[in-house]
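Every number in this text was worked out from the coordinates using simple rules, so none of it is lab data. Predicted model, so just to flag it, every value in this text is computed and none were measured. Here Cβ is always computed from backbone atoms with ideal geometry, including for glycine, and neighbour counts include all displayed protein chains.
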Amino acid sequence: MAPRRRMARPRTRSGKRVFQEACVGCHDWSGESPVSSWATLIGAAAVNDPGATNVAQIVIGGTKRLTPEGALSMPAFGHAYSDDEIAAVANCVTARFGAEVSSLTARDVAEWRRQVPIRPIQALFTGQRCNR
Ligand code: HEC
């Protein structure tokens with residue numbers, strides 16, 4: 001008999017599950033980033049936009065910024081998660097940290113995927129760096 005996979009993954013993860021896997025290390029459940037004040041989600045314009053456009057785009061494509069303290073980047077998750085999962089995590093983030101819950105759908109995410117470039121190297125990153 002073939003050995004069972006140690007952890008069967010659900011086909012579609014919930015937004016909370018994605019946040020737990022991929023975001024919590026850098027953004028924390030409180031929304032206050034342990035990594036950098038630039039990454040604190042509480043009070044960020046992106047999470048207070050009920051359209052959640054920037055949230056979805058940043059999750060798909062990642063971001064890189066030069067700050068006075070040095071380069072800061074968020075990895076792209078466009079290749080790591082499905083449209084449903086990205087919509088779910090964006091809705092989870094606005095619900096938890098924003099003023100109003102967004103209601104993004106997989107269809108919205110599919111549309112942005114066509115527009116947002118996914119940075120290739122970062123796309124391979126799965127979040128371990130933050131899970132220590
Ligand atoms: C390796 C650390 C890291 C991981 C993992 C990470 N982020 Fe980020 N995130 C950042 C950093 C750093 C910034 C700030 C980037 C900037 O200001 O340019 C940021 C910014 C953001 C913003 C924009 C905040 C604003 O100020 O407008 C959102 C929304 C966001 N992240 C959501 C997520 C979600 C959702 C996940 C999981 C799918 C995630 N992040 C995973 C580091 C990370």
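Efficiency by 1/(1 + (r/R0)^6): what FRET value for Asn54 and Arg17, r their Cβ-Cβ distance, R0 = 25 Å, to the nearest 0.05?
So the FRET efficiency works out to roughly 0.70.
In vacuum, with every alpha carbon of the stretch 15-127 counted as one equal point scatterer, what does the Debye formula give for log10 I(q)/I(0) at q = 0.10, 0.11, 0.20 Å⁻¹? Two decimals, please.
Values returned for q = 0.10, 0.11, 0.20 Å⁻¹ are -0.25, -0.30, -1.07.
So for the pair Arg65, Ser103, with labels modelled 7 Å out along Cα→Cβ, what separation do we get in nm?
My value for the distance between the label points is 3.0 nm.
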